[in-house]
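Each remark here refers to the structure printed beneath this line.
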Amino acid sequence: MPDGGPRLLAGTVSRDPLKDRSPGEGRPLPDSYWAATAGPRPEDDGVLVDDRDADVAIVGGGYTGLSCAYRLAGNHGADVVVLEANAPGWGCSGRNGGNIRPGIGRVPLREWRERWGEDGARALFDEQLAALDTVRSLIADGGIDCDLQDVGLLRVAHRPAAVAGLETDHRLLAETFGYEAELLDAGDIEKDYFRSAEAFAALRFPDGFAVHPLKLAQGVLRLARDAGAAVHRASPVSGWRADGSGYVVETPKARVRARHVVVATNGYTGDSLHPALKARTLPVLSCVIVTRPMTANEKAETDFRSTAPVADTRRLLLYYRRLPDGRIMMGGRGPIDERAVDHPRWKRRLLEALRRKFPPLSGLTVDYYWAGWVCLPFDAVPHVHRLDGHPDVWFSLGYCGTGVAPALHLGSLLADRIGGGEANIPAALERPMPRYPLAAFRRLGQRAVYAWHRFQDG
Ligand SMILES: Cc1cc2nc3c(=O)[nH]c(=O)nc-3n(C[C@H](O)[C@H](O)[C@H](O)COP(=O)(O)OP(=O)(O)OC[C@H]3O[C@@H](n4cnc5c(N)ncnc54)[C@H](O)[C@@H]3O)c2cc1C
């Protein structure tokens, strides 16, 4: 594939959910490396064409919606319908980087105790480790072949000044949370991982891993359907209204009358989906490139032998990894205005960042480029709760770009909450989602934050 124009075909990135009232209808999966390598698509239940009743109607067919459906149907015997506007896994769940480590939201670890108290911080930390177990259990339950790279994850100091921060986090993890990350120096990185011009130390999370995200989403889709849930594609929900002891959920061709509604639309949540969701989220664009495979020479010159997922220490962080077939994937923030995402500048930006880290890879070209909307709540942590004034409408939203494990885990816990079982949702997360102050100016605020972070990143 040539490194010419951007590979942004129809359906790759949708309009800004803050501007566009429509979540799309039956858009194809983006033209990503994951879509090209996921193999045959598993079946779903097609478009919803007949009215029906259900215990739970779930809006959105990504990790949150599918894991919630699997647990509700499998563990709680619920009659569940997932309504997906486009295709199952079409959103972030089929287009993310597939990098998984302990981590939830974007609040720096050193602020956790102040924010949630000693017990609250520990409970949240333990739950983020439990989230990794949830992903592993789902993979095992479904025998999901998702190219698991179970080799730990590195957070790499991209400049010498960032080393002290890693050392502080290393101590904090051990002393406050009893978590043994490994501190590596530049020599360790070079010996076991790669030779990079931007790797001055690293924190290794031994239980971090990486997956093929779309294969994972498709595996959870299979699990949910095998457990008895119906998953409908091309069935966008335009809204719902209270009706007797439940809700009537509207799609273009048919309606679902359900006792509970779950909103699992994350970065694709528009302000117009429901008045109680208005001004609660900021959809933010994130972009990914996948290069052509490295040549033997390029491999030798960088000694890029590990497939461990890596993130750097920038505030506007870059993450990357060597894929099993020798390509390099790199991701980072995208433009503020989605109309700019087609501009070759955004693909080039990532490629240049990759070349700065690995100068011998300066001849690499890009085979795939795509983008997606992640969800940033005002307080930078996910929320699992009921909609204000609607006790049977639930949501799990706001993973701040680190959502593979949290979405699968919190979707499952939400199912337990709805199903009446014990649900160990940390108090830090089971709270209403705050509204953005001056919500009309969210994009302006984003611009200011990006400028400040660029300055901090040097
Ligand atoms: C480029 C990129 C890279 C990322 N990399 C990583 C990573 O390496 N590691 C990590 O942990 N996280 C990463 N993330 C974040 C992670 O992918 C998400 O947090 C997670 O997938 C969210 O899952 P979800 O099911 O909540 O939402 P999604 O997977 O986004 O699903 C939401 C779905 O809702 C549907 N929808 C929206 N509105 C409606 C409606 N009205 N009716 C019906 N359906 C509707 C959409 O079509 C969409 O399919 C990345 C995200 C992006 C975009």
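Take residues that are touching a Cys at 6+ places or on another chain (Cβ under 7 Å) and tell me which of the strands (runs of 3 or more DSSP E) falling wholly in segment 365-458 contain 1 or more.
Where strands (runs of 3 or more DSSP E) fall fully within segment 365-458 and carry at least 1 residues being touching a Cys at 6+ places or on another chain (Cβ under 7 Å), they are 366-377, 390-397.
Of the residues making up segment 177-198, those that are out of contact with any helix residue (DSSP H, G or I) (no Cβ under 7 Å at 6 or more places or on another chain) and in a helix (DSSP H, G or I) are Ala186, Gly187, Asp188, Ile189, Glu190, Lys191, Asp192. Just one of (1) touching a residue at least 12 places away in the same chain (Cβ under 8 Å); (2) surrounded by fewer than 22 Cβ atoms within 10 Å (Cβ to Cβ) fails for Val366. It is (2).
Looking across segment 199-218 at every residue that is within 26 Å of the chain's Cα centre (by Cα), within 23 Å of Leu109 (Cα to Cα) and part of a loop (DSSP other than H, G, I, E, B), the one that is nearest to the ligand (Cβ to nearest atom) is identified as Gly208.
Taken over segment 89-127, the residue count meeting the criterion of being away from the ligand (no atom under 11 Å from the Cβ) and either farther than 25 Å from Gly334 by Cβ or more than 19 Å from the chain's Cα centre (by Cα) (or both) is 19.
Cβ separations smaller than 6 Å between residues 6+ apart or across chains give no pair from segment 74-98 residues that are among the β-branched types (Val, Ile, Thr) to residues that are modelled with pLDDT under 95. For segment 233-242, the condition holds for at least one residue, the condition being that it is of a type outside the set (Phe, Trp, Tyr), at positive phi and in a strand (DSSP E or B). Is segment 144-153 home to any residue that is free of Cβ contacts under 8 Å to residues at least 60 places away in the same chain and open to solvent by 50 Å² or more (accessible area, probe 1.4 Å)? Yes, there is a match, as at least one residue in segment 144-153 is free of Cβ contacts under 8 Å to residues at least 60 places away in the same chain and open to solvent by 50 Å² or more (accessible area, probe 1.4 Å).
Could you tell me whether Arg345 is in a helix (DSSP H, G or I) and free of Cβ contacts under 8 Å to residues at least 40 places away in the same chain?
Taking the combined requirement at face value, the residue satisfies it.
Residue-level check: of (1) at pLDDT below 95; (2) within 16 Å of the ligand (Cβ to nearest atom), Thr176 misses just (2). Among the residues of segment 126-141, none qualifies, meaning not one is open to solvent by 20 Å² or more (accessible area, probe 1.4 Å), closer than 29 Å to Arg355 by Cα and either part of a loop (DSSP other than H, G, I, E, B) or not polar (S, T, N, Q) (or both). Once segment 332-363 is narrowed to residues that are touching a Leu at 6+ places or on another chain (Cβ under 7 Å) and charged (D, E, K, R), the residue that is surrounded by the most Cβ atoms within 10 Å (Cβ to Cβ) is Arg333. Pairs are defined by a Cβ separation below 9 Å, a sequence spacing of at least 6 or placement on different chains, a first member in segment 209-224 that is under 14 Å from Thr134 (Cα atoms) and open to solvent by 10 Å² or more (accessible area, probe 1.4 Å), and a second member that is part of a strand (DSSP E or B) and more than 10 Å from the ligand (Cβ to nearest atom); no pair meets this definition. For Cys400, the conditions (1) crowded, with 24+ Cβ neighbours inside 10 Å; (2) near the ligand (Cβ under 9 Å from one of its atoms) all hold with the exception of (1). Within the set Ala157, Ala161, the sole residue that is in contact (Cβ under 8 Å) with a residue 24 or more places away in the chain, open to solvent by less than 30 Å² (accessible area, probe 1.4 Å) and among the small types (Gly, Ala, Ser) turns out to be Ala157.
Yes/no matrix, rows are residues, columns are (1) within 18 Å of Leu66 (Cα to Cα); (2) aliphatic (A, V, I, L, M); (3) under 22 Å from the mean Cα position of the chain (by Cα); (4) within 13 Å of the ligand (Cβ to nearest atom):
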position	(1), (2), (3), (4)
Gly239	no, no, no, yes
Val261	yes, yes, yes, yes
Gly270	no, no, yes, yes
Leu282	no, yes, yes, no
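The values are calculated or read from the model by the stated rules, or taken from the named source; none is laboratory data. It should be emphasised that the depicted structure is a prediction, and the values quoted were computed from it without experimental measurement. Using ideal geometry, Cβ is built from the backbone for each residue, glycine included, and neighbour counts are taken over all protein chains shown. In case anyone asks, the SASA skips ligands and DNA or RNA and just uses the protein heavy atoms, side chains included. Shrake-Rupley method; radii C 1.70, N 1.55, O 1.52, S 1.80 Å.
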